[in-house]
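Novice: Structure in structure tokens, see below.
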Amino acid sequence: MSTIVDIEKLNLYYGDFHALKDVDMKIKPKSITAFIGPSGCGKSTLLRTLNRMNDMIKGIRIQGKVNIKGTNIYDPNVNVELLRKEIGMVFQQPNPFPKSIYDNVAYGPRIHGISNKNELDELVEKSLRGAALWEEVKDHLKKSAYGLSGGQQQRLCIARALAVNPEILLMDEPTSALDPISTLKIEELVQELKEDYTIVIVTHNMQQAARVSDQTAFFLNGEVVEFADTVNLFSNPEDQRTEDYITGRFG
């Protein structure tokens, strides 16, 4: 499959405010796509349309299609709970549950009907290994997740997302609250994860987009100004506004 996410003529309104304007985008499977642009330009809004998180906001209207593996996720027959199992999300601030490390990771699988202890043990270990956290926490699984550092908490949130075996992982500025060493660990992890997952990451950090992503979309005032292979977008942007942004003339 050459495309896993196909966004067609997507428009989104918060009341009268036109937040996303005629967005067209094709995202390849097992790749990393970065969304960049100044604050309030629509990148996080688009990210949240991919697992229907915007549904929770009052007064929202959406036109157009978001096709994931050929199915329009805004079709009335789509099961939103199952959709969010397929499409995991990691937020800007680490947000572990007030539970043990083990129970944070086991939470999703339990909701989806897994209760066998051996199966849960395997899933927890596999997910923590997938998030490059197992070696640091394997002897402390019953301890509170709040005892972990910020960077560890964020990797725990990634493990929690992986535990329900999603196909797509959405990341909304996952390193903005972290120190440089933790940021580097998350960036290395993201690049490892793309072997198994399709990743879409919103970042304010253009260097991060350049380091980790395969494709980059530049947003401005609710429009996708340019969407291209990351190397091309940063070295040879086609739109003057893209060049002005990545060279620091505004933003």
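Novice: Which residue, of Asn67, Asn79, Asn116, Asn51, is within 25 Å of Ser176 (Cβ to Cβ) and polar (S, T, N, Q)?
Specialist: One residue alone meets the criteria, Asn51.
Novice: Considering only residues that are under 19 Å from Asn79 (Cα atoms), charged (D, E, K, R) and over 11 Å from the mean Cα position of the chain (by Cα), which ones fall in segment 26-60?
Specialist: Scanning segment 26-60 gives Arg52, Asp55.
Novice: Select the strands (runs of 3 or more DSSP E) contained entirely in segment 9-100, then report the ones holding at least 2 residues which are surrounded by fewer than 15 Cβ atoms within 10 Å (Cβ to Cβ).
Specialist: Correct list: 17-27, 60-68.
Novice: Yes or no: Ala228 touching a Pro at 6+ places or on another chain (Cβ under 9 Å) and either more than 12 Å from Ile36 (Cα to Cα) or surrounded by fewer than 20 Cβ atoms within 10 Å (Cβ to Cβ) (or both)?
Specialist: Spelling it out, Ala228 is indeed touching a Pro at 6+ places or on another chain (Cβ under 9 Å) and either more than 12 Å from Ile36 (Cα to Cα) or surrounded by fewer than 20 Cβ atoms within 10 Å (Cβ to Cβ) (or both).
Novice: Restricting to segment 49-74, what's the tally of residues that are among the charged types (D, E, K, R) and free of Cβ contacts under 8 Å to residues at least 12 places away in the same chain?
Specialist: Residues in segment 49-74 being among the charged types (D, E, K, R) and free of Cβ contacts under 8 Å to residues at least 12 places away in the same chain: 1 in total.
Residues are listed down the side, and each one gets a yes or a no for (1) within 22 Å of Ser44 (Cβ to Cβ); (2) part of a helix (DSSP H, G or I); (3) within 16 Å of the chain's Cα centre (by Cα):
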position: Ile114; (1), (2), (3): no, no, no
position: Leu120; (1), (2), (3): no, yes, no
position: Gly151; (1), (2), (3): yes, yes, no
position: Pro166; (1), (2), (3): yes, no, yes
position: Leu169; (1), (2), (3): yes, no, yes
position: Leu184; (1), (2), (3): no, yes, no
position: Val190; (1), (2), (3): yes, yes, yes
position: Arg211; (1), (2), (3): yes, yes, no
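Novice: Among Ser213, Ser176, which is touching a residue at least 40 places away in the same chain (Cβ under 8 Å) and in contact with a His (Cβ under 7 Å, 6 or more places away or on another chain)?
Specialist: Sole residue among the options that is touching a residue at least 40 places away in the same chain (Cβ under 8 Å) and in contact with a His (Cβ under 7 Å, 6 or more places away or on another chain): Ser176.
Novice: Is segment 109-129 home to any residue that is within 28 Å of His204 (Cα to Cα) and among the hydroxyl-bearing types (Ser, Thr, Tyr)?
Specialist: Yes.
Quick note: the coordinates plus some simple rules give every number you see, no bench work behind them. Because the structure is predicted, anything quoted here is derived from the model rather than measured. FYI the Cβ positions are ideal-geometry reconstructions off the backbone, even for glycines, and counts take in every protein chain you see.
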